[in-house]
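Structure first, then comments.
The values are calculated or read from the model by the stated rules, or taken from the named source; none is laboratory data. Please read all numbers here as calculations on a predicted model, not as lab measurements. Note: ideal-geometry Cβ built from the backbone for every residue, glycine included; neighbour counts use all protein chains shown.
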Ligand code: 6AU
């Protein structure tokens, strides 16, 4: 059967990329397909949110460069929390340059992303060299890293449609050891593929942003769908939720954050159970 009709556990047992395998194992063990996007600018809020949502997530998604008081101990503590609470780390860096530059951006600078992020993402716009550039760093790491390609975006008017998405999927198929899946809004197996393109071992994870139970969008082009639409109907594997959980105000209420995380975890898991039971 297609990957989205199999259990996370079966997929974990078969997956050959260590980061993908660890993520699927964690999802099965904690019964969660929720990734929380911790888009805040203060380190204190960052950790308050992570500690509140940790039991309910498989993945913490960061934009490390928006923290205004970042220091090296932040990523050290993040790694510690990840092993303590059993979640993976996804730095949402959206690499989009020539291979040599993305390799440096991934490994170097002040953030040294490849040291602590299990998963990163990239825009396919430069072509295959963005993958090989990042792989030259990520595949050397002793813990295997994984890359997601942005095959589709959640925003109104996104240019990630038609042949762009088809070519993104074709590119990923050439680098299945390192490309573990896509940021997308639906499953990608059928996209631009003849039946013979898809091998039995192919298992791309689909991580879907633009998920909200209350709002339909924001004032800056974001569009939200529900976990049922995203997971049950469109076959995505992980729901990425930011403001639906952390709120939009300047002050963080950890009790609200915790309650919302529980709510999205339950909704995401129910949507998954309804899907594999079909
Ligand atoms: O739930 P939100 O709208 O508060 O946050 C969604 C998060 C943000 C975006 O940078 C990110 O998801 N995102 C991405 C990613 C993950 O690559 C792609 C996309 O198409 N839309 C999107 O919102 O941190």
Looking only at residues in the range 129-151 that are buried (at least 23 other Cβ atoms within 10 Å of the Cβ) and assigned to a loop (DSSP other than H, G, I, E, B), which one is nearest to the ligand (Cβ to nearest atom)? 151
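So which helices (runs of 4 or more DSSP H) are wholly in the range 1-58 and hold at least 3 residues that are buried (at least 22 other Cβ atoms within 10 Å of the Cβ) and at pLDDT 95 or above?
Counting at least 3 such residues, we get 18-30, 43-53.
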With surrounded by fewer than 20 Cβ atoms within 10 Å (Cβ to Cβ), more than 16 Å from the ligand (Cβ to nearest atom), closer than 30 Å to residue 129 by Cα and modelled with pLDDT of 95 or more as the only criterion, which of 203, 197, 167 stands out? 167
Checking residue 114 against (1) touching a helix residue (DSSP H, G or I) at 6+ places or on another chain (Cβ under 6 Å); (2) closer than 19 Å to residue 203 by Cβ: exactly one of these is not met. Which one? (2)
For the range 256-278, does any single residue satisfy the condition of being away from the ligand (no atom under 14 Å from the Cβ), under 23 Å from residue 118 (Cα atoms) and either within 16 Å of the chain's Cα centre (by Cα) or surrounded by fewer than 21 Cβ atoms within 10 Å (Cβ to Cβ) (or both)? yes
Picked from the range 218-234 (must be within 11 Å of the ligand (Cβ to nearest atom) and touching a helix residue (DSSP H, G or I) at 6+ places or on another chain (Cβ under 8 Å)), the residue nearest to residue 277 (Cα to Cα) is 224
